[in-house]
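Step one of this worksheet: look at the structure below.
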Amino acid sequence: MTLVARPRLLLVEDDRATTEYLRQGLEESGIDVVSVANGNDGSHYALSQPWDVIILDRMLPGLDGLTVLMRLRAHAITTPVLFLTTMDGVPSRVAGLRHGADDYMVKPFALRELVARVQVLLRRSSSFQHATVMNVADVELNLLTLAVTRNGEKILLQPQELKLLEYFMRNAGTVLSRKMLLKDVWHMDFPVRTNLVETHVCRLREKLGQDGQSLIRTVRGSGYVMGA
């Protein structure tokens, strides 16, 4: 029998009720949680131990969440960080993302959504973290040379098309909403009227071949999914 280590999550949150609510939901989903209640301890724990994901409140006793995040990135720690906060203004979101946060959720929140977002961050950080080549179906992407092939035939992609393909491949089998694509591929985490997603998905499908639509499928009302 092979034992699989459970992911380790650091929760930096000063509200006790929120901490227990999150701990229960995350641990029921197979994630081990270590919690601290202030920014000083959060910074110490984040810098001294390896974590798979970190959840940070923005407003904390001691060091604030943004300062904790900036310290991590200054030490070249790339652990995915999700901000969980009452600070819901666009400037606050933009500041968090620009300083290295990977996701941003506003309180009050739906536990199921938060768990789903954490699971996406876990896949992103671990599934392909050390891989140099990714494969989904008969599509191959070399992360070192940025070469893309399908059935051994080279496919030439523009830089943004390449980023979109990589994101689809990293999340193969997961339905990705338009909002997620705008946030994670184009770094637009605020309402915007644009057809960027639709246009680039269409171009990517065309370049992948005649059955590109079956490889990257539209899920009506939800988004897109690559692979099974």
Q: Please enumerate the residues belonging to region 204-219 that are closer than 11 Å to Ala137 by Cβ and loosely packed, with under 13 Cβ neighbours inside 10 Å.
A: Asp211, Ser214
Q. Which of (1) charged (D, E, K, R); (2) closer than 30 Å to Gly30 by Cβ; (3) part of a strand (DSSP E or B) is the odd one out, the single condition Arg124 does not satisfy?
A. (3)
(Q) Here is a check on your reading of the model: is Arg93 assigned to a helix (DSSP H, G or I), modelled with pLDDT under 90, open to solvent by 40 Å² or more (accessible area, probe 1.4 Å) and touching an Asp or Glu at 6+ places or on another chain (Cβ under 7 Å)? (A) yes
**Q.** Extreme residue, surrounded by the most Cβ atoms within 10 Å (Cβ to Cβ), among residues of region 96-119 that are touching a strand residue (DSSP E or B) at 6+ places or on another chain (Cβ under 6 Å) and small (Gly, Ala, Ser)
**A.** Gly96
Q.
If I filter region 8-36 down to residues being farther than 21 Å from Arg73 by Cα and assigned to a loop (DSSP other than H, G, I, E, B), which single residue comes out as least open to solvent (accessible area, probe 1.4 Å)?
A. Ile31
Q: Test Glu153 against the criterion of being farther than 23 Å from Val12 by Cβ and open to solvent by 70 Å² or more (accessible area, probe 1.4 Å), and give yes or no.
A: yes
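Looking at Val225, Val192, Val201, Val219, which is the one that is out of contact with any Lys or Arg (no Cβ under 8 Å at 6 or more places or on another chain) and either in the same structural domain as Leu121 (by the TED database) or under 22 Å from Met134 (Cα atoms) (or both)?
On the way: Val225 fails: out of contact with any Lys or Arg (no Cβ under 8 Å at 6 or more places or on another chain); Val192 fails: either in the same structural domain as Leu121 (by the TED database) or under 22 Å from Met134 (Cα atoms) (or both); Val219 fails: either in the same structural domain as Leu121 (by the TED database) or under 22 Å from Met134 (Cα atoms) (or both).
The unique qualifying residue is Val201.
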Q: Output the number of residues of region 131-148 satisfying the condition of being open to solvent by less than 30 Å² (accessible area, probe 1.4 Å) and either without any contact (Cβ under 8 Å) to a residue 40 or more places away in the chain or more than 20 Å from the chain's Cα centre (by Cα) (or both).
A: 4
Q: Considering only residues that are surrounded by 18 or more Cβ atoms within 10 Å (Cβ to Cβ) and not in a helix (DSSP H, G or I), look in region 175-203 and name the one that is farthest from the chain's Cα centre (by Cα).
A: Asp189
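The values are calculated or read from the model by the stated rules, or taken from the named source; none is laboratory data. Quick caveat: nothing in here was measured; it's all calculated off a predicted structure. A quick note on method: Cβ atoms are made from the backbone with ideal geometry, for glycine too, and the neighbour counts reach across all protein chains shown. In case anyone asks, the SASA skips ligands and DNA or RNA and just uses the protein heavy atoms, side chains included. Shrake-Rupley method; radii C 1.70, N 1.55, O 1.52, S 1.80 Å.
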